[in-house]
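First up is the structure itself, then whatever we jot down about it.
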Amino acid sequence: MGATSTTHVYVGTYAKGDEESVFVRALDEETGALSPVSAVTGISRPSFLDLGPGGRTLYAVAEIEEEPGGALSAYRVSDDGTELTLLNRQPTGARGPCHVRVVREGNYALVANYAGGAVTVFPIAEDGSLKGRSELVHHTGSSVNPDRQSEAHPHSCNLDPSERVVLVPDLGMDRIVLYRLDRSSGQLESNSVPWAPARPGAGPRHLDFHPNGRWVYVCNELDSTITAYGYDAESGGMEEMQTLSTLPDRYQGVSYTADVHVHPEGGFVYVSNRGHDSLAGFAIDSDGKLTAIGQTSTGGEIPRNFAIHPDGKLVLAANQRTNNVVGFRFEAGTGALSPTGADTSIPSPVCLRFSPR
């Protein structure tokens, strides 16, 4: 992608295929307001997005839970970042793809299929289009919650900073399953340490690494907690250091976590709460453990993913139920988030991705 003075935000949603469902918006970097640029149709429930190297391609899941399952779509991004053109689409081979991660070199995409209990790997061609899948691994297992954990539910695919280890939080199994990706075959091999445990009933969903690569933070959907793990970069092993609630002490309502991000400067980590409708903030101590700093309303209902601008100054929260994306300003030193006043209307927003500069 050529250099542009405008940062764009790509927004994935739960819109249907005959509706505009992936949006391109221009970002006001002072407030977080998003101005209309373009949108695409023809893809249902593109609930998670990722960008290829340099932002030249964009990949979007189609979170279809009915048989035969969902798909992953590849789009060419125009040089100025404003237009998306469909390259091709490939079935994931399982129901409910909900997360995609593209490796740094841009030659593989990893997809978590929540409803289908599987992980899919796609090789990527030089033009950014998707080849047929090279791997489909089914998880098997369950945990203590009979309503949500009667079977495996991989919820995201992640890579450690070296991209040697693939980490897949499985909500249904209460495990973070660990793989190695064979870069020549596109196959997933079990890591020498095959998994890390979550607490029974926690339901691990998403994770993010600290910039130092030694700590990883997992948001647990079902019990609304965040767990700090120590990470061994050599083995891929994870050791729990601490688990804290993401909710206020006296909160009695129903709430589930959705997303977690470490601030680029490494001093804070945030988790979105659906139900309490907030971003929970935590200061990261010198040993990687956390101190809660409170919750900030997202200015809407059911915040799923949120995004921290690469320079760390802005945070955008996507409120699915109230159809709005709200901007927040990050306060250095305290980690406090304050609304900028920017409140952009977008139908059922779920995932936000900033274009590279």
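The values are calculated or read from the model by the stated rules, or taken from the named source; none is laboratory data. This structure is a prediction, so every number in the text was calculated from the model and none was measured. Counting neighbours? That spans all protein chains shown, and the Cβs are built from the backbone with ideal geometry, glycine included. Calculation scope for accessible area: heavy atoms of the full protein, side chains included, ligands and nucleic acids excluded. Shrake-Rupley method; radii C 1.70, N 1.55, O 1.52, S 1.80 Å.
If you line up the Cα atoms of region 87-243 on their principal axes, what length do they span on each, largest first, in Å?
43, 36, 24
Considering only protein heavy atoms and a probe of 1.4 Å, how much of the accessible area of region 1-59 is carbon and sulfur, as a whole percent?
44
May I ask for the equivalent-ellipsoid semi-axes of the chain, computed as the square root of five times each C-alpha gyration tensor eigenvalue and listed largest first in whole Å?
Working from the Cα gyration tensor, I get semi-axes of 26, 26, 19 Å.
In sequence order, what are the phi-derived ³J(HN,Hα) couplings for region 153-167 according to the Karplus relation 6.51 cos²θ - 1.76 cosθ + 1.60 with θ = phi - 60°, rounded to whole Hz, with x for glycine and proline?
9, x, 10, 7, 10, 9, 10, 6, x, 7, 6, 8, 10, 9, 10
Between Ser44 and residues 5 or more places away or on another chain, which pairs have amide H atoms under 5 Å apart, with H built 1.01 Å from N, and which residues are they?
Result for Ser44 returns Gly17.
For Lys16, give me every one of the lysines with a C-alpha distance below 28 angstrom, ignoring sequence neighbours fewer than eight places off in its own chain.
Lys131
Under the rule of at least 5 residues apart or a separate chain, name every residue whose amide H is placed under 5 Å from the amide H of Glu83.
Here the answer is Ser78, since their amide H atoms fall under 5 Å of that of Glu83.
So if I place +1 on the C-beta of Lys and Arg and -1 on the C-beta of Asp and Glu, and nothing else carries charge, what would the dipole magnitude of region 20-148 be about its Cα centre? I want it in debye, nearest 20.
Here region 20-148 has a charge dipole of around 440 debye.
Could you run the Karplus curve 6.51 cos²θ - 1.76 cosθ + 1.60 with θ = phi - 60° over region 170-178 and give me ³J(HN,Hα) per residue in whole Hz, x for Gly and Pro?
Per-residue couplings from phi come out as 10, 4, x, 9, 6, 9, 9, 7, 10 Hz.
Return one whole number: the accessible area per residue of the chain in Å², for a 1.4 Å probe. If you can, show how the numbers build up before the last one.
Values: 13610 Å² over 357 residues.
Here the residues of the chain average 38 Å² of exposed surface.
Rule-of-thumb check for region 1-118: C-alpha Rg over 2.2 N^0.38 Å?
Taking N as the residue count of region 1-118, the ratio is 1.05.
Suppose each label sits 7 Å from its Cα in the direction of the beta carbon; what would the Arg250-Arg214 distance come out to in nanometres?
4.0
For region 91-142, report the translational diffusion coefficient in µm²/s to the nearest whole number, using Stokes-Einstein at 4 °C, 1.567 mPa s, and a Kirkwood Rh over Cα pairs.
116
Under 8 Å for C-alpha pairs, at least 6 residues apart: give me the relative contact order for the chain, rounded to a whole percent.
12
Give me the Kirkwood hydrodynamic radius of region 242-357, using the inverse of the mean 1/r over all pairs of distinct Cα atoms, in Å to one decimal.
So the Kirkwood estimate lands at 14.2 Å.
Tell me, what ³J(HN,Hα) does each residue in region 50-57 have, in order and in whole Hz, if you take phi through Karplus 6.51 cos²θ - 1.76 cosθ + 1.60 with θ = phi - 60° and put x for Gly and Pro?
8, 9, x, x, x, x, 7, 9
If contacts are Cα pairs under 8 angstrom and at least 6 residues apart, what is the relative contact order of region 208-357 in percent?
Working: 380 pairs, mean separation 22.0, N = 150.
So the answer I get is 15 percent.
Once the dipole of region 1-67 is set up with Lys and Arg at +1 and Asp and Glu at -1 on Cβ about the Cα centre, which of Val24, Ser38, Gly55 lies farthest towards its positive end?
Going by the charge dipole, the pick is Gly55.
If you average the sequence gap of Cα pairs under 8 Å that are 6 or more apart and divide by the length of region 1-115, what percent do you get for the contact order?
Relative contact order, region 1-115: 21 percent.
Treating region 1-40 as a set of equal point scatterers at the Cα positions, no solvent, please give the Debye-formula log₁₀ I(q)/I(0) at q = 0.16 Å⁻¹.
-0.45
Can you send over the carbon and sulfur percentage of the accessible area for region 99-246, probe radius 1.4 Å, protein chains only?
On the way: 2490 of 5370 Å².
Reported share for carbon and sulfur atoms: 46 percent.
If amide H atoms are built 1.01 Å from N in the plane of the peptide, which residues on other chains or at least 5 residues away come under 5 Å of the amide H of Arg274?
Tyr256, Thr257, Ala258
What do you get when you divide the Cα radius of gyration of region 172-261 by 2.2 N^0.38 Å, with N the number of residues?
Working: Rg = 14.5 Å, N = 90, 2.2 N^0.38 = 12.2 Å.
Taking N as the residue count of region 172-261, the ratio is 1.19.
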